[in-house]
Amino acid sequence: MCGIFGYVNFLVDKSRGEIIDNLIEGLQRLEYRGYDSAGLAVDGKLIKDGDEEIMNNIIIKTPGKVKVLKQKIIDDEINRTDIFDNHAGIAHTRWATHGQPKEENCHPHRSDSTKGEFIVVHNGIITNFAALRKYLLTKGHIFESETDTECIAKLFKHFYDLNLKAGVSPDLNELTKQVLHELEGSYGLLVKSYHYPGEVCGTRKGSPLLVGVKTDKKLKVDFVDVEFETNAAQQQQQQANGHSSLLQNNHSTSLDLGFIPVAPGEQNLRTSQSRAFLSEDDLPMPVEFFLSSDPASVIQHTKKVLFLEDDDIAHIYDGELHIHRASTKSAGESTVRPIQTLEMELNEIMKGPYKHFMQKEIFEQPDSTFNTMRGRIDFENCIVTLGGLKAFLPTIRRCRRIIMIACGTSYHSCLATRSIFEELTEIPVSVELASDFLDRKSPVFRDDTCVFVSQSGETADSILALQYCLERGALTVGIVNSVGSSMSRQTHCGVHINAGPEIGVASTKAYTSQYIALVMFALSLSNDSISKKKRHEEIIKGLQKIPEQIKKVLNLETKIKKLCNDDLNDQKSLLLLGRGYQFATALEGALKIKEISYMHSEGVLAGELKHGVLALVDDKLPIIAFATRDSLFPKTMSAIEQVTARDGRPIVICNEGDAIISNDKVHTTLEVPQTVDCLQGLLNVIPVQLISYWLAVNRGIDVDFPRNLAKSVTVE
Ligand code: UD1
Ligand code: F6R
């Protein structure tokens, strides 16, 4: 998905070369999210512009990977030696939404082709861009790309010029507020301009953005005050709102009717000082700022970060970070943003000895599953305590129903655990794909508990569904991997699955950790039930053994590698059969195989085989069947019989030493240890993760960047 990175240095001398290297490195840390183009903007040289001296700018952008951008910078012979003691650079990786991945559509985008007065990078989608573009065309702006983003850059210049015409020289953050007033949709964006050398504004709505802060000296306080709109400015803004936005006016005049210049009192209003950024002697101190859509690109520079809230405007100038809001303070609204210390280590996001992040993450599962349970399960006394849910359990126990909502792999983890939820809690549970749930405008009530499961915590469909449920007064619970993500912050309560950063585009360790977190959730909800005590103990003892058992399953890698190489490589299609708990495993296996190896694969409920799918079965179609021991084992065996009777030779995932299965009618068996029925999917999914991985590697596919896919899908 699109990635944003910005770098500002103040009283720290940096050459242009060092600044570019910083930006490139930041983009490289965002590469794992998937993207198709990259670009950056830095200052050029001072040039004469009439009577004025202005800093021209350098924008370099290209379709392809960051290494292509790096080469382009070398080929363009960009001067690396000029030194800046205050500079703002911005960079971007783009995932095409509006317009093909070609150079003119890459970010950064500029306000005009002559001087490039305002330069913007943007994540998200501006939904009213077509109307804005049409309007800006009537005002003489010439567009260079097909993107929605370009209208933002043009709007900056448009408002800047209007303010000047009205005799006002606006502050960058005031100008940003005017631009935001026109935008509909979602954004995380950065803007720089030669009118504001060394400054940058960053803002977000529905798309993540954080600011890392690096200083030699300790910050005076570990928070930044939020600067709300003053009453006078607010009144003026309301007046402007009364006039409504540019688009709602009749734009026949050259001076826009909807435009109200920045209040004279607000221009360059820089009276307040950010308490955090002054040294002991109250003088500005050397400081570097890193703005990013993802902590993974900031962590190697600093662990001190500030997560922006929706509608915050971070304005960085003169070595200070100011947080502005376009509204006056409303009751209960926080007046500070904390500067937090990230716990994530850089080596946590590196590949280590593995060829791909996906492989590393598959092999991390003994640790990641352990970490999900760490400190939360007292195995001796069989007690589960989820700190983030404790206070909410009585409310959830009283709810009318539980609705689990997610997308993709996260949806499968909900399917995998629905049955144990229903069994332990006796509350009706439905499982919903976020997009379909929204399409149907499904009824949600105040006494519903809506559980949102997401690795990234930034998936657009899930976030929209979350907002939908919040508006209807339901209690919302997050099961999320990324701490500080939108979903983790917007839900009422929740559980961080603590799987560590997942970088491979194919979700693997997040699935097993989500699964465990959901089982722990179900256990917590029912921990006061005497009748469920034995079942509880059985599951908790089972959970304790899972990390070790996963290690055992991972030993199947050599056999799986050979199987993929010898038998599956040239196949075009694959079926996965499972029922009961293993239906979710079949669906997840099929998703993994198609997304990584591009082989068509389908997860089929074994009970449905005879209702149509059996027509596909012959001696050629590869089939994987899940036949581990649980109450449905006899029924699964009958499905396997139906397959073998039609000359199918299934690959069977079964429990260790299961003699019933090992006969000459099956192609091969992949034996996994036995665990409690509701946890068996945690072990059964590992062989299919490995199959998808090795099928893809054999086919020469870049496993961490499968085509057409991105790590977190922040567009609907
Ligand atoms: C928390 C700390 C952990 C510490 C432990 C010690 C964090 C992130 N976690 O873990 O470092 O070791 O206490 O007791 O500080 N939440 C949501 N939505 C979500 C996920 C979480 O609202 O999607 C909320 C929870 O309700 C909770 C907070 O975030 O208030 C932290 O959740 P979690 O990390 O799961 O809590 P603990 O396991 O208690
Ligand atoms: C599959 C995969 C996707 C995600 C889905 C939801 O391997 O990664 O199907 O599971 O896009 O993403 P999150 O969990 O981040 O909400």
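Between a residue in the range 307-326 that is at positive phi and surrounded by fewer than 22 Cβ atoms within 10 Å (Cβ to Cβ) and any residue that is part of a loop (DSSP other than H, G, I, E, B) and not aromatic (Phe, Trp, Tyr), which pairs come within a Cβ distance under 7 Å, given they are 6 or more apart or on different chains?
Matching pairs, first to second residue: ASP311/ALA326.
Quick check, is LEU136 assigned to a helix (DSSP H, G or I), within 29 Å of ILE54 (Cα to Cα) and out of contact with any His (no Cβ under 9 Å at 6 or more places or on another chain)? So that I can check it myself, show each step before the final result.
On the way: assigned to a helix (DSSP H, G or I): yes; within 29 Å of ILE54 (Cα to Cα): yes; out of contact with any His (no Cβ under 9 Å at 6 or more places or on another chain): no.
No; evaluated as a whole, the condition is false for this residue.
Given (1) touching a strand residue (DSSP E or B) at 6+ places or on another chain (Cβ under 9 Å); (2) more than 28 Å from ASP436 (Cα to Cα), where does LEU609 come up short, assuming only one miss?
(2)
Anything in the range 433-460 that is out of contact with any Lys or Arg (no Cβ under 9 Å at 6 or more places or on another chain), away from ligand 1 (no atom under 16 Å from the Cβ) and not hydrophobic (A, V, I, L, M, F, W, C)? List them, or say none.
The answer is SER435, ASP436, ASP439, ARG440, LYS441, SER442.
Looking at (1) more than 16 Å from ligand 2 (Cβ to nearest atom); (2) touching a residue at least 60 places away in the same chain (Cβ under 8 Å); (3) crowded, with 17+ Cβ neighbours inside 10 Å, which is the only condition THR395 fails?
So THR395 meets the others, but not (3).
Taking GLU422 as the residue in question, decide whether it is away from ligand 1 (no atom under 13 Å from the Cβ), crowded, with 18+ Cβ neighbours inside 10 Å and among the acidic types (Asp, Glu). Explain how you work it out, then say what you get.
Numbers: away from ligand 1 (no atom under 13 Å from the Cβ): yes; crowded, with 18+ Cβ neighbours inside 10 Å: no; among the acidic types (Asp, Glu): yes.
When the stated conditions are applied, GLU422 does not pass them.
Looking at (1) surrounded by 21 or more Cβ atoms within 10 Å (Cβ to Cβ); (2) under 14 Å from the mean Cα position of the chain (by Cα), find the lone condition where ALA434 falls short.
(2)
Which residue, of ASP148, ASP161, ASP85, is in a loop (DSSP other than H, G, I, E, B) and acidic (Asp, Glu)? Working first, answer last.
Details: ASP161 fails: in a loop (DSSP other than H, G, I, E, B); ASP85 fails: in a loop (DSSP other than H, G, I, E, B).
The match here is ASP148.
Condition first: of a type in the set (D, E, K, R) and under 18 Å from GLY116 (Cβ atoms). Now tell me which residues in the range 20-59 satisfy that.
Here is the first cut: in the range 20-59, the ones of a type in the set (D, E, K, R) are 21, 25, 29, 31, 33, 36, 43, 45, 48-49, 51-53.
ASP43, LYS45, LYS48, ASP49, GLU52, GLU53, listed by residue number.
Of all residues in the range 586-640, which are within 14 Å of ligand 2 (Cβ to nearest atom) and either in contact (Cβ under 8 Å) with a residue 24 or more places away in the chain or assigned to a loop (DSSP other than H, G, I, E, B) (or both)?
Of the range 586-640, the ones within 14 Å of ligand 2 (Cβ to nearest atom) are 587-598, 601, 603.
LEU587, GLU588, GLY589, LEU591, LYS592, ILE593, GLU595, ILE596, SER597, TYR598, SER601, GLY603, listed by residue number.
Within 16 Å of ligand 1 (Cβ to nearest atom), touching a strand residue (DSSP E or B) at 6+ places or on another chain (Cβ under 7 Å) and either modelled with pLDDT of 90 or more or within 11 Å of VAL226 (Cα to Cα) (or both): which single residue out of VAL336, VAL305 fits that description?
Working: VAL336 fails: within 16 Å of ligand 1 (Cβ to nearest atom).
Answer to the selection: VAL305.
Are any residues in the range 90-112 touching a Cys at 6+ places or on another chain (Cβ under 8 Å) and in a strand (DSSP E or B), and if so, which ones?
HIS92, THR93, ARG94
Pull out all pairs, ordered by first then second residue, where Cβ-Cβ is under 7 Å, the residues are six or more apart or on different chains, the first lies in the range 481-498 and is under 19 Å from ARG374 (Cα atoms), and the second is of a type in the set (S, T, N, Q) and away from ligand 2 (no atom under 13 Å from the Cβ).
ILE497/THR372; ASN498/ASN371; ASN498/THR372
Would you mind telling me which numbered condition in (1) in contact with a Phe, Trp or Tyr (Cβ under 9 Å, 6 or more places away or on another chain); (2) within 15 Å of ligand 2 (Cβ to nearest atom); (3) over 30 Å from ALA296 (Cβ atoms) ASP436 fails?
It is condition (1) that ASP436 fails.
Show the residue pairs meeting these rules: Cβ distance below 8 Å; 6+ apart or different chains; first residue within the range 134-157 and under 20 Å from GLY188 (Cβ atoms); second residue small (Gly, Ala, Ser) and surrounded by fewer than 23 Cβ atoms within 10 Å (Cβ to Cβ).
Pairs that qualify, where the first residue is under 20 Å from GLY188 (Cβ atoms) and the partner is small (Gly, Ala, Ser) and surrounded by fewer than 23 Cβ atoms within 10 Å (Cβ to Cβ), are SER145/GLY99; THR147/GLY99; ASP148/GLY185.
If I filter the range 365-392 down to residues being of a type in the set (Val, Ile, Thr) and farther than 30 Å from TYR354 by Cβ, which single residue comes out as nearest to ligand 2 (Cβ to nearest atom)?
Of the residues in the range 365-392, the ones of a type in the set (Val, Ile, Thr) are 369, 372, 377, 383-385.
From what's left, farther than 30 Å from TYR354 by Cβ: 383-385.
Numbers: ILE383: 29, VAL384: 23, THR385: 25 Å.
Looking at the filtered set, the residue picked out is VAL384.
Which of (1) among the aliphatic types (A, V, I, L, M); (2) out of contact with any Gly (no Cβ under 7 Å at 6 or more places or on another chain); (3) modelled with pLDDT under 90 does LEU30 not meet, given it meets every other one?
Of (1) among the aliphatic types (A, V, I, L, M); (2) out of contact with any Gly (no Cβ under 7 Å at 6 or more places or on another chain); (3) modelled with pLDDT under 90, only one is false for LEU30: (2).
Could you grab me the full set of residues in the range 288-302 that are modelled with pLDDT of 95 or more and crowded, with 22+ Cβ neighbours inside 10 Å?
PHE289, PHE290, LEU291, SER292
Among PRO634, PRO673, which is the only one that is at pLDDT 90 or above, in contact with a helix residue (DSSP H, G or I) (Cβ under 8 Å, 6 or more places away or on another chain) and surrounded by fewer than 20 Cβ atoms within 10 Å (Cβ to Cβ)?
Going through PRO634, PRO673 in turn, the sole match is PRO673.
Pick from SER486, SER507, SER513: which is polar (S, T, N, Q), under 22 Å from MET358 (Cβ atoms), within 23 Å of the chain's Cα centre (by Cα) and within 13 Å of ligand 1 (Cβ to nearest atom)? Break it down stepwise before answering.
Details: SER486 fails: under 22 Å from MET358 (Cβ atoms); SER507 fails: within 13 Å of ligand 1 (Cβ to nearest atom).
Among SER486, SER507, SER513, only SER513 is polar (S, T, N, Q), under 22 Å from MET358 (Cβ atoms), within 23 Å of the chain's Cα centre (by Cα) and within 13 Å of ligand 1 (Cβ to nearest atom).
A quick yes/no check of all residues on (1) of a type in the set (Val, Ile, Thr); (2) within 22 Å of GLY99 (Cα to Cα):
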| residue | (1), (2) |
| --- | --- |
| ASP13 | no, no |
| ARG16 | no, no |
| ASN22 | no, no |
| GLU25 | no, no |
| LEU30 | no, yes |
| TYR35 | no, yes |
| GLY44 | no, no |
| ILE47 | yes, no |
| GLU52 | no, no |
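The values are calculated or read from the model by the stated rules, or taken from the named source; none is laboratory data. It should be emphasised that the depicted structure is a prediction, and the values quoted were computed from it without experimental measurement. Positions of Cβ are generated from backbone atoms using ideal geometry, with glycine treated the same way; all protein chains shown enter the neighbour counts.
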